[in-house]
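Below: one structure, written as structure tokens.
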Amino acid sequence: MEERIVTTVCGICDANCGVKLRVKEGMVIKVEGMKEHPGSRGGLCPKGAAALDIAYAPDRLRYPLKRIGERGEHKWTRIPWEEALDLAATKFTEIKDRYGAEAFCLFRGQAPDWGAAWDYAARFMNVFGSPNITGPGHQCHIPRMIAHYHTYGAMMPISDYQNAKTVVEWGSNSLNTNLPLARAIRGTLQRRAKLIVVDPIKTELASKADIWLQPRPGTDGALALSMLNIIIDEDIYDKEFARDWTIGFEELLKLLKDFPPEKGEEITLVPAKSIREAARLYATNKPSCFWEGNGLDQHTNVVQTVRALAILRAITGNLDVPGGSVFPPHLPTANIQLGEKLPEEKAKKRLNGHEIFFSMFNMFSMPSAIDAMLTENPYPIKGAMVMGGNPLVSLANTQRVREAFKRLDFLVVVDLFMTRTGELADLILPAATYLEKTGLTFRSMAGGYLLLQQKAAEMEECWPDWMIIFELAKRLGYEKEFPWRDVEGAIEEQLKPNGLTIEKLKENPEGIYYQEMRYKKYETQGFKTPSGKVEIYSKTFQENGYNPLPVYKEPLESPYSQPELAKKYPLIGSSEGKPRSYVHTQLRTIPSLRKLDPEPFVKLNPKDAEVRGIRDGDRVKVSSVRGSVQMKAKVVEVALPGVVVIPWGWGETLPEANFHNLTDDMARCPISGATSSRSFLCEVEKI
């Protein structure tokens with residue numbers, strides 16, 4: 001059989017780089033970068049280069065498994081797909097009949113791809129009659145999207161790196177986590193653009209910055225308000241934009257009186273001189289673009305913090321202009337989620353108290369499901385399906401999450417490998433990698449284009465997630481709502497509004513842009529907010545019981561908010577930025593990647609290490625009020641004295657190093673439900 005080339009989209013992380021696969025005799029034998037891809041341009045990160053190691057790993061799940069022992073005993077028997085699907089359908093129906101459809105919850109992680117594939121899961125849940133679809137969004141991306149949307153009516157602007165004179169990266173570690181963004185940032189620096197990095201941790205990106213601001217974890221909101229104070233006080237803001245295109249500017253002025261740079265220094269520990277320098281550079285060396293990352297999501301005041309950053313963009317005249325923070329073209333695809341099929345009385349039974357969250361995304365934050373599993377309030381959650389996620393390692397307060405999942409009547413886990421969550425399952429279904437499935441990929445965050453992920457190979461009995469959903473739906477009697485023979489039929493329906501076809505996408509593997517980038521769109525169409533302007537003062541927030549201004553709140557667990565607890569746990573714990581080698585909790589069992597990053601280290605400032613008699617390489621125990629982890633120490637100045645940097649994601653391979661043994665899931669952002677995994681109290685001792 002001759003070798004053939006298949007062009008597709010890497011689905012290992014959400015960067016969605018273009019790749020070319022060399023296929024022979026039904027197997028992928030080589031992975032190469034796609035030079036035509038506008039973001040990755042032929043590059044491969046370590047994860048992308050290890051795609052074959054992942055797909056053909058000897059410990060990969062290859063057929064359905066049914067639990068035969070007690071939950072957690074890890075005793076399984078192999079069963080055929082027909083039996084597995086029948087079992088799942090029967091159990092889902094039993095739960096629905098006994099407790100109501102809302103007693104079933106679907107948790108979907110990033111691993112099976114986001115984008116268009118999310119629609120199939122949402123469609124399934126709407127037809128089934130449960131509003132309880134969730135994922136890890138409360139701790140990644142969604143809190144920021146809520147903030148942006150309720151400030152200027154768009155989910156999130158992107159950075160026009162190519163035309164910027166100043167770049168701000170706030171809580172972002174893109175050089176490690178996103179190949180297309182890393183390329184864009186490096187290109188900007190080669191043009192001698194100025195770089196401002198705001199991060200409590202000294203990352204590779206921070207080391208390249210012209211200005212690095214290192215705030216105490218969780219105090220970013222105070223820093224943003226202090227920068228706004230300087231920009232307005234020194235009259236270096238865009239007065240015409242503030243006058244014509246904002247509401248609430250006068251109220252903002254009153255708020256900012258409490259945040260001069262000296263107050264900002266007191267709260268954040270960033271010198272007032274540095275705050276002034278950064279604010280002046282961003283406001284005057286224009287155009288300036290701005291990207292904030294996942295480093296901001298996992299705090300108890302994340303939405304209001306990001307609202308302050310959104311306002312910072314707007315009043316400096318850096319919003320939707322060349323070289324600034326721009327809104328990408330809208331992607332006209334069909335909404336096939338069948339939200340109208342969810343009965344109104346069921347929609348009202350959603351678990352989440354965060355109304356804005358649900359109204360925007362038709363989903364809720366996962367901690368609310370954990371609450372219901374444990375308390376049966378407002379009603380019990382008795383069944384769940386976890387697709388491409390690992391809540392027992394990825395969610396805060398592992399002990400509480402484990403106890404919640406153990407109480408389920410029936411749990412299905414769909415994944416590539418056995419996971420800590422899978423160990424508690426009643427049924428395991430083997431998933432397909434991106435090499436083995438076709439799918440539609442949206443790239444609105446990279447400028448607005450569509451790409452087609454193309455199937456190149458098959459792996460025994462491993463099924464793509466769309467196929468699992470379609471077949472389960474048919475067994476539950478929803479053939480009419482899932483009429484497609486395969487995923488290509490669903491994709492064609494999703495493409496109808498834009499006139500594209502699968503064949504057209506195959507002819508353009510690098511992706512298809514819908515329209516050229518346009519700027520200052522608000523001049524002709526306004527902002528998509530209730531007022532048509534940038535809403536510094538949000539009446540929507542006020543009507544929902546939230547502060548209408550971007551107020552600063554101290555983290556709910558810090559030396560200042562809980563001084564008594566800090567006597568026993570005097571250090572601030574924060575999670576480390578994501579490494580190049582892994583994605584979230586995944587891939588640490590892959591030998592080629594493990595060689596690049598073989599073990600986790602707690603990073604201690606030399607001053608904190610000296611007081612505790614800890615040296616480089618010592619094995620240490622990190623404790624919080626909730627639990628502890630053990631790993632080696634690295635004594636290095638990556639964080640402020642009093643701040644401990646702890647890697648996360650290792651709980652899958654090293655249970656004793658499960659970061660979320662330490663974290664709290666009860667203190668939450670009131671608007672988004674975000675939990676605080678980047679600012680909590682702990683202590684470190686040598687073992």
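Between Met517 and Lys496, what is 0.36 nm times their sequence separation minus the Cα-Cα distance? Round to one decimal in nm. Mind dumping the intermediate values first?
Numbers: separation 21, 0.36 × 21 = 7.56 nm, distance 2.22 nm.
Length gained, Met517 through Lys496: 5.3 nm.
For the residue pair Arg475 and Thr284, what label-to-label distance in nm results when each label sits 7 Å from Cα along the Cα-to-beta-carbon direction?
With each label point 7 Å from Cα toward Cβ, the separation is 6.7 nm.
For every other residue with a beta carbon closer than 14 angstrom to the beta carbon of Glu543, add +1 if it is Lys or Arg and -1 if Asp or Glu, then tell me the sum.
Details: positive: Lys539; negative: Glu355, Glu535.
With Lys, Arg at +1 and Asp, Glu at -1, the neighbours total -1.
With runs of 4+ DSSP H residues as the only contributors, calculate the mean residue ellipticity of the chain at 222 nm using -39,500 (n - 2.57) per run, divided by the residue total and rounded to the nearest 500. It would help to have the intermediate numbers written out before the result.
Values: 27 runs with 220 residues, N = 687.
Calculated from helices alone, the mean residue ellipticity at 222 nm is -8500 deg cm²/dmol.
Enumerate by residue number the trypsin sites (Lys or Arg not before Pro) in region 580-687 meeting two conditions: DSSP loop (anything except H, G, I, E, B), and at most 14 other Cβ atoms within 10 Å of the site's Cβ.
Values: sites: Arg580, Arg588, Arg594, Lys595, Lys603, Lys607, Arg612, Arg615, Arg619, Lys621, Arg626, Lys632, Lys634, Arg668, Arg678, Lys686; in loops: Arg580, Arg588, Lys595, Arg612, Arg615, Arg626, Arg678.
Hits after loop and neighbour filter: Lys595, Arg615.
Using just the Cα positions, wrap region 158-326 in a convex hull and report its mean projected area in square nanometres, one decimal place. Working shown, then result.
Values: hull surface 35.0 nm².
Directional mean of the projected Cα hull area for region 158-326 stands at 8.7 nm².
Where a Cα-Cα gap under 16 Å defines reach, which aspartates and glutamates qualify for Lys568, not counting those fewer than 8 residues away within the same chain?
Within the straight-line cut-off, Lys568 pairs with Glu557, Asp608, Glu683, Glu685.
Could you name the aspartates and glutamates whose alpha carbon sits less than 15 Å from that of Lys24, not counting residues in the same chain fewer than 8 places away?
Lys24 reaches Glu2, Glu3, Glu32, Glu436, Glu458.
Ile381's amide H: which non-local residues (gap 5+, or another chain) put their own amide H closer than 5 Å, with H modeled 1.01 Å from N in plane and none for Pro or chain starts?
Under 5 Å from the amide H of Ile381: Met373, Glu376.
Per the Debye formula with a single identical scatterer at each Cα and no solvent contribution, what log10 I(q)/I(0) holds for region 343-441 at q = 0.11, 0.17 Å⁻¹?
Evaluating at q = 0.11, 0.17 Å⁻¹ gives log10 I(q)/I(0) of -0.39, -0.87.
Given 0.36 nm per residue, what is the gain on full extension from Asn547 to Glu656 after removing their alpha carbon distance, in nm?
Details: separation 109, 0.36 × 109 = 39.24 nm, distance 4.03 nm.
Gain in length upon complete extension: 35.2 nm.
Got a sec? Which residues in region 549-587 would a label at Val611 touch, if it sits 7 Å along Cα→Cβ and we count backbone N under 17 Å?
From region 549-587, the list is 558-574.
Straight-line reach from Lys521: which lysines have Cα under 20 Å away, leaving out those fewer than 8 places along the same chain?
Hits, sequence-local ones excluded: Lys239, Lys286, Lys533.
Please state the Cα pair-distance histogram of region 24-120 with 5 angstrom bins from zero: what percent is in each bin?
Spelled out bin by bin, region 24-120 gives 2, 9, 10, 13, 20, 16, 10, 8, 8, 4, 1 percent.
Can you give the net charge of the other residues whose Cβ lies under 9 Å from the Cβ of Val386, counting K and R as +1 and D and E as -1?
For residues surrounding Val386, the net value is 0.
To the nearest 0.05, how large is the calculated FRET efficiency for Lys567 and Ile5 if R₀ is 56 Å and r is the Cβ-Cβ distance?
On the way: r = 63 Å, r/R0 = 1.13.
E between Lys567 and Ile5, to the nearest 0.05, is 0.30.
Taking the Cα atoms of region 563-686, what is the range of coordinates along each of the three principal axes, in descending order and whole Å?
The Cα atoms of region 563-686 stretch 45, 40, 22 Å along the principal axes, largest first.
Assuming 0.36 nm per residue, please report the length gained on full extension of the stretch Asp486 to Arg78 beyond their Cα-Cα distance. Before the final figure, lay out the partial values.
Numbers: separation 408, 0.36 × 408 = 146.88 nm, distance 2.58 nm.
Computed gain between Asp486 and Arg78 is 144.3 nm.
In the structure shown, do any of Lys96/Lys346; Lys47/Lys208; Lys47/Lys621; Lys35/Lys437 have a Cα-Cα gap over 19 Å, and if so which?
The answer is Lys47/Lys208; Lys47/Lys621; Lys35/Lys437.
If one computes the Cα centroid of region 1-76 and of region 461-494, what distance in Å separates the two points?
Taking the Cα centre of each part, region 1-76 and region 461-494 sit 22 Å apart.
Any idea what the dipole of the chain comes to, in debye rounded to 20, about its Cα centre with Lys/Arg Cβ at +1 and Asp/Glu Cβ at -1? Show your work: numbers first, answer last.
Values: 88 positive and 87 negative charges, 190 e Å.
With only Lys, Arg, Asp and Glu charged at Cβ, the dipole is about 920 debye.
What is the chain's relative contact order, in percent, from Cα pairs under 8 angstrom and six or more apart in sequence?
Working: 1527 pairs, mean separation 135.7, N = 687.
For the chain, the relative contact order is 20 percent.
Farthest toward the dipole's positive end in region 531-687, which of Gly642, Val625, Pro548, given Cβ charges of +1 (Lys, Arg) and -1 (Asp, Glu) about the Cα centre?
Farthest towards the positive end: Gly642.
For the pair Glu251 and Glu25, what calculated FRET efficiency results from E = 1/(1 + (r/R0)^6), where r is the Cβ-Cβ distance and R0 = 51 Å, to the nearest 0.05?
Numbers: r = 67 Å, r/R0 = 1.32.
Step by step, r from the Cβ atoms, then E = 0.15.
Just how large is the dipole of region 193-340 about the Cα centre, in debye to the nearest 20, putting +1 at every Lys and Arg Cβ and -1 at every Asp and Glu Cβ? Write out the running numbers ahead of the final one.
Working: 15 positive and 21 negative charges, 61 e Å.
Taking the Cα centre of region 193-340 as origin, the dipole is about 300 debye.
Using a cut-off of 15 Å between beta-carbons, work out the net charge of the residues near Lys263 (Lys and Arg +1, Asp and Glu -1, Lys263 not included).
Working: positive: Arg216, Lys254, Lys257, Lys273, Arg276, Lys553; negative: Asp220, Asp233, Asp258, Glu262, Glu265, Glu266, Glu554.
Net charge around Lys263: -1.
Report the one residue of Asn661, Leu435, Ala279 whose Cα lies farthest in the direction of the positive end of the charge dipole of the chain (charges on C-beta: Lys and Arg +1, Asp and Glu -1; origin at the Cα centre).
The residue sitting farthest along the positive end of the dipole is Ala279.
Whose amide H sits under 5 Å from the amide H of His37, counting only residues 5 or more places off or on another chain, with H placed in the peptide plane?
Gly42
Read-outs: derived from the displayed coordinates by stated rules, not from any lab. Here the structure is a predicted model, which means the values were calculated and not measured. Ideal geometry is used to build each Cβ from the backbone, glycine not excepted, and the neighbour counts take in all protein chains shown.
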